[in-house]
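The values are calculated or read from the model by the stated rules, or taken from the named source; none is laboratory data. Since the model is a prediction, treat every value here as computed from it, not as a measurement. Every residue, glycine as well, gets a Cβ built from its backbone with ideal geometry; the counts of neighbours run over all protein chains shown.
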Amino acid sequence: MSAGCRGNARRGPQGTVRARQGRGMVTAELAAGVLAVVVLVVLLAGLAGMVMMQLRCLDSASEIARQQARGDEAAVARAKADLPAGARVQVSRDGWVTTVRVSAPVWQPPLPRLEVTATAETMLEPGT
């Protein structure tokens, strides 16, 4: 490097100082990398929301099935009141087995509208 040239500059054939080619490459790569990280974080947040809704549905289905097997209709009504918004409940009985299926819509903005479903089965308690 000749005297008087600093950083990304160098002397040309006529003694003029000119900038090196590709000077903004690091900035463009950094911008693309930051964008990729932001997209990944948003998708992971949407996935976490879906997992949380799945767990709420599973918890509700288990609670309703347990109370249905006991024959406690008041507790079943309380458990249904705690369902996630827009959730649907299907209760079926086949012999000694009670099956409860809870489905709820999930919409996290970066992801399409989906539906999560949880099913719980419980044996009926004697006397119900």
Could you check how many residues of region 94-128 are surrounded by 15 or more Cβ atoms within 10 Å (Cβ to Cβ), modelled with pLDDT under 90 and over 13 Å from the mean Cα position of the chain (by Cα)?
1
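What residue, of 52, 25, is hydrophobic (A, V, I, L, M, F, W, C) and either modelled with pLDDT under 80 or farther than 30 Å from residue 122 by Cβ (or both)?
Result of the check over 52, 25: 25.
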Kindly indicate whether any position in region 40-60 is within 25 Å of residue 108 (Cβ to Cβ) and in contact with a helix residue (DSSP H, G or I) (Cβ under 9 Å, 6 or more places away or on another chain).
yes
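For (1) closer than 17 Å to residue 49 by Cβ; (2) in a strand (DSSP E or B), each residue gets a yes or a no:
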{"residue": "60", "(1), (2)": "yes, no"}
{"residue": "66", "(1), (2)": "no, no"}
{"residue": "78", "(1), (2)": "no, no"}
{"residue": "86", "(1), (2)": "yes, no"}
{"residue": "121", "(1), (2)": "no, yes"}
